[in-house]
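The values are calculated or read from the model by the stated rules, or taken from the named source; none is laboratory data. In this text, all values refer to a predicted model and were calculated from it rather than measured experimentally. Note: ideal-geometry Cβ built from the backbone for every residue, glycine included; neighbour counts use all protein chains shown. The area values use the complete protein model at the heavy-atom level, side chains included, leaving out ligands, DNA and RNA. Shrake-Rupley method; radii C 1.70, N 1.55, O 1.52, S 1.80 Å.
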Amino acid sequence: MKIILVGFMGSGKSAVGRELAKRLGVRFVDIDELIVKREGRSIAKVFAEAGEPYFRKIEKQITLEVCQRQDPCVIATGGGTLMDPDSRAALKRAGTLLVWLKVSPQKALERTKDHPVRPLLKEADPLNKIASLLAVREPVYAQADLAVDTDHQSVEQVIQEILAFIEKNKKS
Ligand code: S3P
């Protein structure tokens, strides 16, 4: 089984994914972490030194590789991973369950403002940038099998909601 977490920056994909993987006793795979490892530099540096198109190329390469693996795992994507049509198709094919962690623009800003690792939010008006990115991305995130609110729920509550969904769908 592969559980794939999608959603905007600050929705908690990495925090939820790491803990969910532990509970399920499977490996946790973080696409952003794999990019950093392969590149030997931070995501901010990849954007600054090589540009966003290069970042997207590596992101797609790694996503397609991860989708090839057969072992059960929880995968945390980056906020933009699902926007690439090839990555989207591969993730949908590989994923037993695609989960959208929903976050409002205000919460996304609150959770990311002290994390300078988000080059896309280095803007004079980050809230406006978040709102315009979300407007384009939400219809794509919405293709997930399950949407979970993260604005009003702790990491633990989000995990419980995902586990309950898995349990319910096992029985039916
Ligand atoms: C991005 C989200 C980031 C990271 C990169 C681009 C995006 O991942 O991949 O900064 O396009 O939304 P997180 O969603 O894990 O912050």
Look through P105, P85 and report the one residue that is more than 11 Å from the ligand (Cβ to nearest atom) and under 25 Å from D151 (Cα atoms). P105
Mind checking which residues of segment 21-41 are more than 11 Å from the chain's Cα centre (by Cα), aliphatic (A, V, I, L, M) and either in a loop (DSSP other than H, G, I, E, B) or within 15 Å of the ligand (Cβ to nearest atom) (or both)? V26, L34, I35, V36
Just to confirm my filter: which strands (runs of 3 or more DSSP E) fall fully inside segment 57-172 and include at least 1 residues that are at pLDDT 95 or above, surrounded by 12 or more Cβ atoms within 10 Å (Cβ to Cβ) and charged (D, E, K, R)? 97-102, 146-149
How about segment 27-48: which of its residues are open to solvent by less than 40 Å² (accessible area, probe 1.4 Å) and touching a residue at least 40 places away in the same chain (Cβ under 8 Å)? V29, D30, I31, I35, I43, A44, F47
